[in-house]
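Here's the structure we're looking at; comments come further down.
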Ligand code: GLY
């Protein structure tokens, strides 16, 4: 079973499983197919995370192939760029300076080598076909092109510096219609080059050379050394915690996903949520919002790349800390924003997701991204290679919110070689030591709340997976101090939340979840209908 946000990528994974490949082989095939069919969300110019559970030895695999800041990065580089060129596109967001060193090619190749059974060429085959022969685009792709066109209209200088996306995807403003084919010959050639030469060609060969040349020509600071030095990190200890009768395995820093999930669920564990949900649904949402506010306040203050500053993982994920925060939550009111999270820590103390289960019970969950739609818009034309804008996930300028409205501390400031804090949350839930739910999503900080919403809907409220996906979702990220829904919620929720002092946003936004439920030996895959993905399974 494969659940991804592209039906073509899900089918690419199933093709590999049918050929006898395992979940890791399929994961590589899905990832490369996503690079072709979801270029607005992810691609080999991006990075990501993976968590897997192998029944043999009950082994947990964690892989961090997040992008890292170029060696020439400095904390003030974006503030200085804005000062030098006022009125130009936000430099951490659009163009050559927004690009961090991509990790997807290295991440997938290393995973294949360590846990897969097939060659890089074999798992690349479906993606090469999709790039060469084309595939019909859907509404999500068209919506992303409309958004990108608005950026080009606002900043016409990007048409020259970021021409590949403008020419290939935006087609100078004549957008494709739903069902029209997208063919990407340059990208097909790149994938064929990887298949023939291996992943090293991306980091030390002609692809890296072309990328650095183009990047420097347009004001970027990437160097050949950045590519030669890029390393996948397979040594991060997962965040593992219990929630009621389940065990949750989640992503550690530089993702904030695992810590935020643990902190929120540890708080919620103090309440009889299933009963409160049945009797007083607005009160259940109030507790949920208050718990998220604590977790996001701590995210803003304490989280970043653990290689650059110690992260108080133990304290933030401790049951006692969650219980203390829960004890202090007022059932009738929300509190002053400054009182959320741990103000003092003791000394000891965008995107695309897929889930795969193979015939042997190997489970893989992985989230990858180029950050916002079509990443930085900057691309290497001759390779059809669109680059991420992951530098915007840093606190690029002190006190200035990033594109997701997240204001963050110096711990997540720009530094050479550092990985920006992420919200990507590949998650596996176990019961009695066996996986029962795989999930994760896209949507910046809304990934965390979307994973929480679906997890609670399944675990606490007993909803079937498809209902758990479609029920209205609630999100709060501490700052801005507003509750967000993805669609109109029942009026008793909004009345109950407003009465407790919450400010409700008019904006409707949420993450996009992919999930697989494992129940009585049966696999149920579900793709969030909000993006048009589709699971594929036998
Ligand atoms: N690029 C969005 C995230 O990693 O959270």
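Please indicate, with yes or no, whether at least one residue in segment 87-98 is closer than 30 Å to residue 249 by Cα, part of a loop (DSSP other than H, G, I, E, B) and either touching a helix residue (DSSP H, G or I) at 6+ places or on another chain (Cβ under 6 Å) or within 16 Å of the ligand (Cβ to nearest atom) (or both). Steps first, please.
From segment 87-98, those closer than 30 Å to residue 249 by Cα are none; that's our starting set.
Within segment 87-98, none of the residues are closer than 30 Å to residue 249 by Cα, part of a loop (DSSP other than H, G, I, E, B) and either touching a helix residue (DSSP H, G or I) at 6+ places or on another chain (Cβ under 6 Å) or within 16 Å of the ligand (Cβ to nearest atom) (or both).
Being within 16 Å of the ligand (Cβ to nearest atom) and closer than 22 Å to residue 351 by Cβ narrows it down to one residue among 458, 451; which is it?
Numbers: 458 fails: within 16 Å of the ligand (Cβ to nearest atom).
Step by step, each of 458, 451 is checked, and only 451 is within 16 Å of the ligand (Cβ to nearest atom) and closer than 22 Å to residue 351 by Cβ.
Over 30 Å from residue 520 (Cβ atoms) and in contact with a helix residue (DSSP H, G or I) (Cβ under 6 Å, 6 or more places away or on another chain): is that true of residue 390 in this structure?
Judged against the criteria, residue 390 is not a match.
Is it fair to say residue 433 is over 20 Å from residue 6 (Cβ atoms) and either within 16 Å of the ligand (Cβ to nearest atom) or touching a strand residue (DSSP E or B) at 6+ places or on another chain (Cβ under 6 Å) (or both)? It would help to see each step written out before you state the result.
Working: over 20 Å from residue 6 (Cβ atoms): yes; either within 16 Å of the ligand (Cβ to nearest atom) or touching a strand residue (DSSP E or B) at 6+ places or on another chain (Cβ under 6 Å) (or both): no.
No.
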Of (1) within 12 Å of the ligand (Cβ to nearest atom); (2) outside any strand (DSSP E or B), residue 440 satisfies all except one. Which? (2)
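Could you tell me whether residue 297 is within 29 Å of residue 236 (Cα to Cα) and either modelled with pLDDT under 95 or surrounded by 15 or more Cβ atoms within 10 Å (Cβ to Cβ) (or both)? Write out each step before concluding.
Details: within 29 Å of residue 236 (Cα to Cα): yes; either modelled with pLDDT under 95 or surrounded by 15 or more Cβ atoms within 10 Å (Cβ to Cβ) (or both): yes.
Judged against the criteria, residue 297 is a match.
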Of the residues that sit in segment 409-430 and are within 11 Å of the ligand (Cβ to nearest atom) and in a loop (DSSP other than H, G, I, E, B), which one is farthest from residue 82 (Cα to Cα)? 425
Would you confirm whether any residue within segment 27-40 is under 25 Å from residue 429 (Cβ atoms), modelled with pLDDT of 95 or more and surrounded by fewer than 24 Cβ atoms within 10 Å (Cβ to Cβ)? no
Members of segment 495-528 found to be in contact with a strand residue (DSSP E or B) (Cβ under 9 Å, 6 or more places away or on another chain) and in a loop (DSSP other than H, G, I, E, B), listed by number: 502, 503, 509, 510, 511, 528
Quick one: which residue in 214, 196 is over 26 Å from the mean Cα position of the chain (by Cα), in a helix (DSSP H, G or I) and buried (at least 17 other Cβ atoms within 10 Å of the Cβ)? 214
Of the conditions (1) buried (at least 24 other Cβ atoms within 10 Å of the Cβ); (2) touching a helix residue (DSSP H, G or I) at 6+ places or on another chain (Cβ under 9 Å); (3) within 16 Å of residue 354 (Cα to Cα), residue 449 clears all except one; give me its number. (3)
Scanning segment 229-253 residue by residue, those out of contact with any strand residue (DSSP E or B) (no Cβ under 6 Å at 6 or more places or on another chain) and either in a loop (DSSP other than H, G, I, E, B) or within 16 Å of the ligand (Cβ to nearest atom) (or both) turn out to be 231, 235, 237, 244, 245, 253
Applying the selection to segment 343-370, what residues are at pLDDT below 95 and within 16 Å of the ligand (Cβ to nearest atom)? 350, 351
Go through segment 381-405 and give me each residue that's under 19 Å from residue 31 (Cβ atoms) and either more than 10 Å from the ligand (Cβ to nearest atom) or surrounded by fewer than 24 Cβ atoms within 10 Å (Cβ to Cβ) (or both). 383, 384, 385, 386, 387
Return a yes/no flag: does segment 477-484 have any residue that is part of a loop (DSSP other than H, G, I, E, B) and closer than 24 Å to residue 269 by Cβ. yes
Yes or no: segment 257-268 includes at least one residue that is touching a strand residue (DSSP E or B) at 6+ places or on another chain (Cβ under 7 Å) and assigned to a loop (DSSP other than H, G, I, E, B). no
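The values are calculated or read from the model by the stated rules, or taken from the named source; none is laboratory data. Since we're looking at a predicted model, the values are computed, not measured. So basically every Cβ, Gly included, is an ideal-geometry build from the backbone, and we count neighbours across all protein chains shown.
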